[in-house]
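Colleague: Quick one: structure below, then a few questions.
None of the figures in this text is laboratory data; all of them are computed from the coordinates on show. Just so we're clear, the structure is a prediction, and the values are computed from it rather than from any experiment. Cβ atoms come from the backbone with ideal geometry, glycine included; neighbour counts cover every protein chain shown.
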Amino acid sequence: AAQQEYEEEVAKAAANEAQYTADLAAIAEVQTKLDAAKTTVEGYAESVQGAFAETVTTLEASVAALTTTAETSYNNGTSVADAAALQESIAAVVADIEKLLTDAAAAQQAYEANEAQHIADLAAIAEVQTKLDEVLAIIDGYSQSVQDAMAGAEAATQTSIDELKVAAEASYAAGTSVADKE
């Protein structure tokens, strides 16, 4: 009986050890996924990186917690019994990493669209400024009375162009250039 009990303990310890090894390998895979996600996010715009910095920190803590959970189960000799719960936790962290990647990619796309629209807006405004400058050059060749008569219209048009520039910069800063383009 004592021999059988000893063999059961040895088998239980071996199973605990094997499960712990498997748990650590699974957690290492999660860490690798997180590291890859972090590298991806680091390639994005600073504003996108900043928006997801807290999420990355939370995910790092989640992976550390998985390791702590696995170690606790191992030390308690309950790795096998706790394996299913740990696998659920691992799956949840992996899902959170995938959500980070999806959300950060969408944020990067929005950032890039905002950049492109802002460049287009500034080009369109510059085109209007060029047209006004061409008209002013023509008016400068006219008599002083015509120039004086047009001064108010010139000033109002320049003010409108300046207001467009301010609006374009505000939309860009808010990240709403695409929505505000009309």
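Colleague: State the answer as a single residue: which of Val63, Thr39, Ala155 lies farthest towards the positive end of the charge dipole of the chain, with beta carbon charges of +1 for Lys and Arg and -1 for Asp and Glu, about the Cα centre.
Modeller: Ala155
Colleague: Under unit Cβ charges (Lys, Arg +1; Asp, Glu -1), what dipole magnitude, rounded to 20 debye, does region 110-177 have relative to its Cα centre?
Modeller: 80 debye
Colleague: Rounded to whole Hz and in sequence order, give me ³J(HN,Hα) for region 80-93 from the Karplus expression 6.51 cos²θ - 1.76 cosθ + 1.60, θ = phi - 60°, writing x for Gly and Pro.
Modeller: Whole-Hz 3J(HN,Hα) from phi for region 80-93: 5, 5, 8, 4, 5, 5, 5, 4, 5, 5, 4, 4, 5, 5.
Colleague: A follow-up question, please. Could you work out the relative contact order of region 67-182? I mean the mean sequence separation of Cα pairs under 8 Å and 6+ apart, divided by the number of residues, in percent.
Modeller: 33 percent
Colleague: Once the mean 1/r over all distinct Cα pairs of region 1-55 is inverted, what Kirkwood radius in angstroms do you read off?
Modeller: Evaluated on region 1-55, it is 14.5 Å.
Colleague: Show me the ranking of peptides 79-90, 1-12 by mean Cβ neighbours inside 10 Å, starting with the highest.
Modeller: Top of the packing list down: 79-90, 1-12.
Colleague: Can I ask one more? Provide the descending list of Cα extents for region 1-131 along its principal axes, expressed in whole angstroms.
Modeller: Extents along the principal axes: 101, 17, 15 Å.
Colleague: Turning to a different aspect of this structure: Let's see if you can work this out: charge +1 on each Lys and Arg Cβ, -1 on each Asp and Glu Cβ, no other charges. What is the dipole magnitude of region 31-182 about its Cα centre, in debye to the nearest 20?
Modeller: Roughly 460 debye for region 31-182.
Colleague: So what J values fall out for region 157-168 if you push phi through Karplus, 6.51 cos²θ - 1.76 cosθ + 1.60 with θ = phi - 60°, rounded to Hz, Gly and Pro as x?
Modeller: 5, 5, 4, 4, 5, 4, 5, 4, 4, 4, 5, 5
Colleague: Rounded to whole Å, give me the distance from the Cα center of region 133-182 to that of region 1-36.
Modeller: That distance is 73 Å.
Colleague: Right, something else. Just the number: Rg to Rh for region 37-111, Cα atoms, Kirkwood Rh, two decimals.
Modeller: On the Cα set of region 37-111, Rg over Rh gives 1.13.
Colleague: Let me ask another. Could you give the size of the charge dipole of region 1-74 about its Cα centre, using +1 on the Cβ of each K and R and -1 on the Cβ of each D and E, expressed in debye and rounded to the nearest 20?
Modeller: The dipole of region 1-74 has a size of about 280 debye.
Colleague: In whole Hz and in residue order, list the ³J(HN,Hα) couplings for region 7-17 that follow from phi through the Karplus curve 6.51 cos²θ - 1.76 cosθ + 1.60, θ = phi - 60°; x for Gly and Pro.
Modeller: With the stated coefficients, region 7-17 comes to 5, 5, 5, 5, 5, 5, 5, 5, 5, 4, 4 Hz.
Colleague: Also, I was wondering about something else. In a Gaussian network model over the chain where Cα atoms closer than 10 Å are linked, find which of Asp103, Asp148, Asp121 has the largest mean-square fluctuation.
Modeller: Maximum fluctuation in the GNM of the chain, among the listed residues, is at Asp148.
Colleague: Still on this structure, I have one more. Using the reciprocal of the averaged 1/r over all distinct C-alpha pairs, how large is the Kirkwood radius of region 56-154 in Å?
Modeller: Taking every pair of different Cα atoms in region 56-154, averaging 1/r and inverting gives 19.5 Å.
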